[in-house]
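Worksheet: the structure to be examined is printed underneath.
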Amino acid sequence: MDGERFLDDLLLKGLLTTREDCEVTDVSPCIADNTRIKFMGKINRSLGDVLPVLYLSTLNSKLTKSPMILSFTVEQHNFMLGQDGDLAVTYVKDEAETEYIVEKVVELVNRGIKFNVSNKRDLNRLFEEKKKLSPMSLYGLFPRTDCGECEEKSCFNYAAKVFTGETRPDKCPYVDKKSIESAITPVNLGWRISFA
């Protein structure tokens, strides 16, 4: 009940975003695959305060500073969120998937807003660690046995695919999944998106 009241308070204060606050402004063929589409949209809210947290919570993400733009990839879908609420997504199947993506992006933004409201810790160390993360540094967390139990030819191949989000971090039986996840996404917002 307290969690619901907290959520209602945030909605009343106008901090959270609703689906109605996000408009799809353009749909066109995807350049990489003409059987797919890309879309652009606008979230009617500044995202400058949220993008740093979203950077720390998404796989394979990049954050530019000026202008502040977050980009990340999930299953060949490239996402871009700008500080002024701009949204772009590529490799989208159809209109139904567009709607699903918009709803999931609104959910991601809201999780970032709630994190900012409830979290008071300094995130600078986490930014620096994530900026330094690479397939090679991630490889250092694996056993380097090249056993193949993860279905990859080598531990480095597996580390590289985990780094880019091409495979799950729980396929190696010799490394704690949580240590890998915390290296890749040091802030866990509990957000997931998947495509059939």
Keeping all protein chains in the complex and leaving out DNA, RNA and ligands, what accessible area do you get for Lys171 with a 1.4 Å probe, in Å² to the nearest 10? 60
What number, rounded to the nearest 500 deg cm²/dmol, is the helix-based mean residue ellipticity at 222 nm of the chain, given -39500 (n - 2.57) per DSSP H run of at least four residues and division by all its residues? -11500 deg cm²/dmol
Let me cross-check Cys147: its accessible surface, 1.4 Å probe, with only protein heavy atoms counted, in Å² to the nearest 10? 70
Taking the Cα centre of the chain as the origin, how large is its charge dipole in debye, to the nearest 20, when only Lys and Arg (+1) and Asp and Glu (-1) carry charge on their Cβ atoms? 760
How high is the relative contact order of the chain, in percent, counting Cα pairs under 8 Å that sit 6 or more residues apart? 20
Net charge near Glu75 (other residues with Cβ under 14 Å of its Cβ; Lys, Arg +1; Asp, Glu -1) is +3
If you average the alpha carbon positions of segment 147-187 and of segment 19-84, how far apart do those two centres end up, in angstrom? 25
Quick calc, Lys42 & Lys177: beta-carbon distance into FRET formula, R0 30 Å, rounding 0.05, result 0.25
Which helices pass in the chain if a helix is a full DSSP H run, must span at least 30 angstrom along its long axis by Cα, and must have mean Kyte-Doolittle hydropathy not below 0.5? none
With every protein chain left in place, what is the accessible area of Thr64 in Å² (1.4 Å probe, nearest 10)? 70
How high is the relative contact order of segment 52-93? Use alpha-carbon pairs under 8 Å, at least six apart in sequence, and give a whole percent. 25
With the Cα gyration tensor of segment 69-108 giving a ≥ b ≥ c as the square roots of its eigenvalues, does the rule (a/c under 1.5 for rounded; else a/b larger than b/c for prolate; else oblate) give rounded, prolate or oblate? oblate
When a/c reaches 1.5 or more, the comparison of a/b and b/c decides; with that in mind, is segment 128-196 rounded, prolate or oblate per its Cα gyration tensor? oblate
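The values are calculated or read from the model by the stated rules, or taken from the named source; none is laboratory data. All values reported here derive from a predicted model rather than from experimental measurement. Don't worry about glycine lacking a Cβ; one is built from the backbone with ideal geometry, like all the others, and counts go over all protein chains shown. Ligands, DNA and RNA are excluded from the accessible area calculation, which covers all protein heavy atoms including side chains. Shrake-Rupley method; radii C 1.70, N 1.55, O 1.52, S 1.80 Å.
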